[in-house]
Amino acid sequence: MNVEQIMQSLAAKHPGENEYLQAVQEVLESIEEVYNQHPEFEKAKIVERMVEPDRIFTFRVTWVDDNGEVQSNLGYRVQFNGAIGPYKGGLRFHPAVNLSMLKFLGFEQTFKNALTTLPMGGGKGGADFNPVGKSDAEIMRFCQAFMLELWQHLGPDTDVPAGDVGVGGREIGYMYGMYKKLAREYNTGVLTGKGMTWGGSILRPEATGFGALYFTEHLLATAGTDIKGKTVALSGFGNVAWGAATKATELGAKVVAISGPDGVCEIPDGITKEMIDYMLEMRASNRNKVEDMATKFPAAAKFTAGKKAWSVKCDIALPCAFQNELNGDDAKELIANGTKYCCEVSNMGCTPEAIHTFQTNGVIFAPGKAVNAGGVATSGLEMTQNAAHLSWAPAEVDAKLHFIMESIHEACVKFGKKEDGTIDYVKGANIAGFMKVAQAMLEQGII
Ligand code: GLU
């Protein structure tokens, strides 16, 4: 494999799809050496096939807002790779959604899902719909209009979407209601992240954040330390950041900063249970302002406009919001302030410069596809419960999530251990995920 050549031909075919090209380049660079030891992969053109989605659906979503005006958005579903199971991955509603973003997310999802130990292929979808400032009724009408187009491509053994940025339990509810009405099928396994009374798995809402902290615990243990007393800065206040803040606090760490698009809230004494609960209200308000935390808890939280969480001194940085939210300068600022660990909870939350800066300055960095895989893994557990028409108790789901995160960490160590004994988690995660998908593609012939 010649990475440069493949990247050149991809860039020519998909000009301007920067996030997608960035995600592919990162994976190809890490797997190059292993790939070249397997002539059978080269012969079957595994990489050339793997970097292109199996298929993409694009559709118009038309709906009526509260003023009676007709609105139109673009909807997508990228079925990226079905080699190891039905397409699985979230739906993102965000004004910046485009094909490049969803292809990068679908590509990442393929490897992430492979790491979970469960049989799930990779997919991703969404729309350029902006939930900020929308009423509940508008959100419902949009979700229904979106599902009106998408439902035919879904099925519990075909393609199973879930939430992502801008899509949580409420949106999944509206979409599932519409799916049933159209399909006349009552199989709960067609979406995950459902409510507890209609087929949802206990712990699914918490799973991404909880799993990320279980992974962080293993990473710290491997580095000879633990999480107790460590300070944590995290970005975002959505579902993922909420789960991460909850578990970090429960494990004895101190969350000293949360941030939003408007700025950062410093919380010197650490976030409290009340404040964590308030994060949920902030997300549901659709205001998208972290300042609300400081307004509600003025004695505990100090808001600074225009600053990121990475400006606050911390031991562990946890990007939990959006791709490329932590850049090279942010990494330098963190390092200057003594940060030793960065576990990427968002998908591709760090730019290549940030990762390089971390790795060359002794900061242990772990990539999103390993750290945040607990979310989709618990979606996989939700599918299993749905298929068996039963539901497991919290302890059972939590034990399985623990086991999966430990397995992912072990896979990263196995494939990412360097000669000096340190772990390259980027390489480890990419090689482990790639080997599984590549093997499956090889065994299934040229299709
Ligand atoms: N959107 C989440 C992710 O990036 C979860 C996907 C799912 O549960 O299918 O992995």
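Give Ala321, Ala299 a once-over and let me know the one that is without any contact (Cβ under 8 Å) to a residue 24 or more places away in the chain and either in contact with a helix residue (DSSP H, G or I) (Cβ under 6 Å, 6 or more places away or on another chain) or part of a loop (DSSP other than H, G, I, E, B) (or both). Give the steps one after another, and end with the answer.
On the way: Ala321 fails: without any contact (Cβ under 8 Å) to a residue 24 or more places away in the chain.
Result of the check over Ala321, Ala299: Ala299.
Residue by residue through segment 95-110, note down the ones that are in contact with a strand residue (DSSP E or B) (Cβ under 7 Å, 6 or more places away or on another chain) and either open to solvent by 20 Å² or more (accessible area, probe 1.4 Å) or not in a loop (DSSP other than H, G, I, E, B) (or both). Explain how you work it out, then say what you get.
At the first step, the residues of segment 95-110 found to be in contact with a strand residue (DSSP E or B) (Cβ under 7 Å, 6 or more places away or on another chain) are 97, 99, 102-103, 105-107, 109-110.
Of everything in segment 95-110, those that are in contact with a strand residue (DSSP E or B) (Cβ under 7 Å, 6 or more places away or on another chain) and either open to solvent by 20 Å² or more (accessible area, probe 1.4 Å) or not in a loop (DSSP other than H, G, I, E, B) (or both) turn out to be Leu99, Leu102, Lys103, Leu105, Gly106, Phe107, Gln109, Thr110.
Go over the candidates Gly229, Gly211, Gly224, Gly193 one by one and state the one that is of a type outside the set (Val, Ile, Thr), closer than 20 Å to Gly252 by Cβ and buried (at least 23 other Cβ atoms within 10 Å of the Cβ). Quick ask: steps written out before the conclusion?
Numbers: Gly229 fails: buried (at least 23 other Cβ atoms within 10 Å of the Cβ); Gly224 fails: buried (at least 23 other Cβ atoms within 10 Å of the Cβ); Gly193 fails: closer than 20 Å to Gly252 by Cβ.
Every option except Gly211 fails the conditions.
Return yes or no: is Pro161 of a type outside the set (Val, Ile, Thr), within 12 Å of the ligand (Cβ to nearest atom) and either buried (at least 19 other Cβ atoms within 10 Å of the Cβ) or modelled with pLDDT of 95 or more (or both)? Even if it seems obvious, please write down each step before you answer.
Values: of a type outside the set (Val, Ile, Thr): yes; within 12 Å of the ligand (Cβ to nearest atom): yes; either buried (at least 19 other Cβ atoms within 10 Å of the Cβ) or modelled with pLDDT of 95 or more (or both): yes.
Yes.
Going residue by residue through segment 172-190, is there one that turns out to be within 11 Å of the ligand (Cβ to nearest atom) and open to solvent by less than 20 Å² (accessible area, probe 1.4 Å)? Spell out how you get there, then give the answer.
To start, the set of residues in segment 172-190 that are within 11 Å of the ligand (Cβ to nearest atom) comprises 172.
Pick out the ones that are also open to solvent by less than 20 Å² (accessible area, probe 1.4 Å) and you get 172.
Looking through segment 172-190, at least one residue is within 11 Å of the ligand (Cβ to nearest atom) and open to solvent by less than 20 Å² (accessible area, probe 1.4 Å).
Scan segment 63-77 for residues that are away from the ligand (no atom under 14 Å from the Cβ) and either within 11 Å of Asn113 (Cα to Cα) or open to solvent by less than 10 Å² (accessible area, probe 1.4 Å) (or both) and report the count. Walk me through it before giving the result.
Just the residues of segment 63-77 that are away from the ligand (no atom under 14 Å from the Cβ), to begin with: 63-76.
Narrowing the set further to residues that are either within 11 Å of Asn113 (Cα to Cα) or open to solvent by less than 10 Å² (accessible area, probe 1.4 Å) (or both) leaves 75.
The total comes to 1.
Among the residues of segment 78-110 satisfying the criterion of being within 15 Å of Arg49 (Cβ to Cβ) and of a type in the set (S, T, N, Q), which is nearest to the ligand (Cβ to nearest atom)?
Here the residue is Thr110.
In segment 120-138, which residue that is free of Cβ contacts under 8 Å to residues at least 60 places away in the same chain and surrounded by fewer than 24 Cβ atoms within 10 Å (Cβ to Cβ) is farthest from Ala23 (Cα to Cα)?
By that ranking, first place goes to Asp136.
What residue, of Gly75, Gly125, is at pLDDT 95 or above, part of a strand (DSSP E or B) and under 20 Å from Gly375 (Cα atoms)? Spell out the reasoning first.
Details: Gly75 fails: under 20 Å from Gly375 (Cα atoms).
Of the residues listed, the single one that is at pLDDT 95 or above, part of a strand (DSSP E or B) and under 20 Å from Gly375 (Cα atoms) is Gly125.
Go through segment 259-273 and report how many residues are in contact with a helix residue (DSSP H, G or I) (Cβ under 9 Å, 6 or more places away or on another chain), open to solvent by 70 Å² or more (accessible area, probe 1.4 Å) and more than 21 Å from Gly169 (Cβ to Cβ).
Qualifying residue count for the region: 0.
Quick one: would you say Met147 is in a helix (DSSP H, G or I), crowded, with 24+ Cβ neighbours inside 10 Å and either without any contact (Cβ under 8 Å) to a residue 60 or more places away in the chain or in contact with a Ser or Thr (Cβ under 8 Å, 6 or more places away or on another chain) (or both)? It would help to see each step written out before you state the result.
Details: in a helix (DSSP H, G or I): yes; crowded, with 24+ Cβ neighbours inside 10 Å: yes; either without any contact (Cβ under 8 Å) to a residue 60 or more places away in the chain or in contact with a Ser or Thr (Cβ under 8 Å, 6 or more places away or on another chain) (or both): yes.
Against the criterion (in a helix (DSSP H, G or I), crowded, with 24+ Cβ neighbours inside 10 Å and either without any contact (Cβ under 8 Å) to a residue 60 or more places away in the chain or in contact with a Ser or Thr (Cβ under 8 Å, 6 or more places away or on another chain) (or both)), Met147 qualifies.
Mind counting the residues in segment 428-447 that are surrounded by 21 or more Cβ atoms within 10 Å (Cβ to Cβ) and basic (Lys, Arg)?
0
Got a number for residues in segment 336-383 being in contact with a Cys (Cβ under 9 Å, 6 or more places away or on another chain) and among the aromatic types (Phe, Trp, Tyr)?
Of the residues in segment 336-383, 2 are in contact with a Cys (Cβ under 9 Å, 6 or more places away or on another chain) and among the aromatic types (Phe, Trp, Tyr).
I need the full set of residues from segment 411-421 which are touching a residue at least 24 places away in the same chain (Cβ under 8 Å) and surrounded by fewer than 19 Cβ atoms within 10 Å (Cβ to Cβ), in order please.
Within segment 411-421, just Val413 meets the criteria.
Give the residues of segment 84-94 that are surrounded by 24 or more Cβ atoms within 10 Å (Cβ to Cβ) and of a type outside the set (D, E, K, R), sorted by residue number.
First, pick out the residues of segment 84-94 that are surrounded by 24 or more Cβ atoms within 10 Å (Cβ to Cβ): 87-93.
Residues satisfying the conditions are Tyr87, Gly89, Gly90, Leu91, Phe93.
The values are calculated or read from the model by the stated rules, or taken from the named source; none is laboratory data. Small disclaimer: the values here were computed from a predicted structure and weren't measured. We place every Cβ from the backbone using ideal geometry, glycine too, and count neighbours over all the protein chains shown. In case anyone asks, the SASA skips ligands and DNA or RNA and just uses the protein heavy atoms, side chains included. Shrake-Rupley method; radii C 1.70, N 1.55, O 1.52, S 1.80 Å.
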